[in-house]
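Participant: I am attaching a structure below and will ask some questions about it afterwards.
The values are calculated or read from the model by the stated rules, or taken from the named source; none is laboratory data. The structure displayed is predicted, hence computed values, not measured ones. All Cβ positions, glycine included, derive from the backbone under ideal geometry; neighbour counts span all protein chains shown. The protein model used for the area step is the full one, side chains on, heavy atoms only, and it has no ligands, DNA or RNA in it. Shrake-Rupley method; radii C 1.70, N 1.55, O 1.52, S 1.80 Å.
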Amino acid sequence: MREYLLTLCITAAVTYLLTGPVRKFAIVAGAMPEIRARDVHREPTPRLGGIAMFFGMCAGLLVADHLTNLNEVFEKSNEPRALLSGAALIWLIGVLDDKFEIDALIKLGGQMIAAGVMVMQGLTILWLPVPGVGTVALTQWQGTLLTVALVVITINAVNFVDGLDGLAAGMVCIAAAAFFMYAYRIWYSYGIEAAAPATLFAAVLMGMCLGFLPHNMHPARIFMGDSGSMLIGLVLAAGAISVTGQVDPDVMNLFAGSERNAVHQMVPVYIPLLLPLTIIAIPASDFVFAVVRRTWRGQSPFAADRGHLHHRLLQIGHSHSRAVLIMYFWAALIGFGALAYSVNSASMWIVLGIVGLSFIGLVLLLLPRFTPRTPRWAEAFVPPRYRRGGHRAAAAPGAAAPAAVGAALRETQAAGAETCEPHEAHAAQAAREHPAPIAAGVAGVNGATAVGPRSRLLDGRRAGTSR
């Protein structure tokens, strides 16, 4: 465990220290695209954060190669080299896309080639534990197709969810933490050395995300871009492939005892089939909904829009930070819930705890839909917007503007048409002196982000692109 933690810390430190220079390089290189109509940030922000994440991953793998125990992972398995080869290819494609915005089909082809490179070096699914059937060996073509499909789906799922500051890095970090605990348990508790590469991948992935998050939290100073989102998606998929298709469930020797005990003991065998899906459950669902939504409208599945889950949270009324925290909560609930169930599937308290936390998550999700009514005695302890007279008090300063304008118009009508222009100027001056407030529920304004006038760069006619 100490060596895994050291690898994690080295990866996080290198990623964190390199992100600042990479940000300056991105600004000089012009990797600061215009704000698009679907973006939620207000100022152009540099991309290419994936450069720091990639070199952080390389540093972590290099340190692990020189440690006493983790060195055996590199000697007995070719999976770390396969990961590094596929990651280098997908990272290069991402860097080119961050700078030149290459076509979506070219990126898809690059993702498939990167997955094929890993398959050629041994990182592939060899068998699957199927409930009710047992371990099913796959042919070479079946394993290759399944591996490529899992890599492509995971990469695009993470790429699709990368829409808010700190969202993708935080969700992948939570998923990697749950995956690390599961893989480490398989390796340490059952003594299965084949689970060591997946444990190493999860530790490195956590370090990459933790090192980048301080620079990427709202308001973000740099974005990871496709060079980062596709990279962490590939590392996440590599860990899932390693522990799902490389670890033989029969080695766990879970078939002894009564039938009831065997059913409960078989849960760790089937969890590798489910855990890779649970850790990307939210990004994958967003990916599926986006494809269905766009094809239903007759658009390309890769056409960008503002219908993702994080966009809908902003439309409900959540602030930027609160929307990110809600997505964190659901990612942690799904990932660690599946992990807890794999440890003790016979405990009813685990199921009840997951159900209770899900109810709390739904309440927090729909909280902006409810209008709170604070008692009179508690109004002094809450913000003005939660007080009974908060809306009337907010509207009172703006009431002077319509009154001033109406008075000016009445004076204009009484004086005659020849004096119309002076009084119109007076009405305009009164309106400028008493501006009307911006309502909190204006259509198109995303909740608490509507503070002051929006930047003109957000106008879709000027900032819209083909992406």
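Participant: Put Tyr188, Tyr16 in order of accessible area, largest first, 1.4 Å probe: what do you get?
Facilitator: Numbers: Tyr188 155, Tyr16 105 Å².
Result of the area sort, largest leading: Tyr188, Tyr16.
Participant: Here is a further query. Roughly speaking, to the nearest percent, how much of the range 47-125's 1.4 Å accessible area is carbon and sulfur?
Facilitator: Details: 2240 of 3320 Å².
Carbon plus sulfur share of accessible area: 67 percent.
Participant: Just tell me which lysines come within less than 18 Å, Cα to Cα, of Lys99; anything on the same chain fewer than 8 places away is out.
Facilitator: Here the lysines satisfying the reach criterion relative to Lys99 are Lys24, Lys107.
Participant: To the nearest 10 Å², what's Glu3's accessible area with a 1.4 Å probe?
Facilitator: 40 Å²
Participant: Peptides 18-25, 197-204: what's the order by average Cβ count within 10 Å, highest mean first? Show your work: numbers first, answer last.
Facilitator: Working: 18-25: 17.8, 197-204: 28.9.
Peptide ranking by packing, descending: 197-204, 18-25.
Participant: Would you kindly state how much longer the chain becomes between Arg221 and Arg81 on full extension, computed as 0.36 nm times their sequence separation minus their alpha carbon distance, in nm to one decimal? Display every interim value, and only then the final one.
Facilitator: On the way: separation 140, 0.36 × 140 = 50.40 nm, distance 3.22 nm.
Computed gain between Arg221 and Arg81 is 47.2 nm.
Participant: When a/c is below 1.5 the answer is rounded, else prolate if a/b is larger than b/c, else oblate, so apply that to the range 64-149 with a ≥ b ≥ c taken from the square roots of the Cα gyration tensor eigenvalues.
Facilitator: Numbers: a/c = 3.05, a/b = 1.24, b/c = 2.45.
Oblate.
Participant: Normalised by the residues of the range 78-176, what does the relative contact order come to in percent, with Cα pairs under 8 Å and at least six apart? Don't skip to the answer; put the middle values down first.
Facilitator: Working: 79 pairs, mean separation 24.7, N = 99.
It comes to 25 percent, rounded to a whole number.
Participant: Now a separate question. Pulled fully out, how much extra length does the chain show between Glu72 and Asp103, if you take 0.36 nm times their separation in residues and subtract their Cα-Cα distance?
Facilitator: Full extension of this stretch gives 7.1 nm more.
Participant: Any idea how far apart Ala137 and Leu357 come out in nm if each label point goes 7 Å out from Cα toward Cβ?
Facilitator: Going from the Ala137 label point to the Leu357 one covers 4.0 nm.
Participant: Using amide H atoms built in the peptide plane, which far-off residues or other-chain residues are under 5 Å from Ile102 H to H?
Facilitator: Under 5 Å from the amide H of Ile102 lie the amide H atoms of Asp97, each far enough along the sequence or on another chain.
Participant: Also, I was wondering about something else. If I take R0 = 60 Å and measure r between the Cβ atoms of Leu145 and Trp377 in this structure, what FRET efficiency does the formula 1/(1 + (r/R0)^6) give, to the nearest 0.05? Present the calculation step by step, with values, prior to reporting the outcome.
Facilitator: Numbers: r = 66 Å, r/R0 = 1.10.
Plugging the Cβ-Cβ distance into 1/(1 + (r/R0)^6) gives 0.35.
Participant: Oh, and also: Restricting to DSSP loop positions (anything but H, G, I, E, B) with no more than 15 other Cβ atoms inside 10 Å of their own Cβ, which GluC sites (Glu not before Pro) remain in the range 10-110?
Facilitator: The qualifying sites are Glu34, Glu101.
Participant: While we're here: Short version: ³J(HN,Hα) in whole Hz for each residue of the range 88-94, in order, from phi by Karplus 6.51 cos²θ - 1.76 cosθ + 1.60 (θ = phi - 60°), x for Gly and Pro, what are they?
Facilitator: With the stated coefficients, the range 88-94 comes to 5, 5, 5, 5, 5, 4, x Hz.
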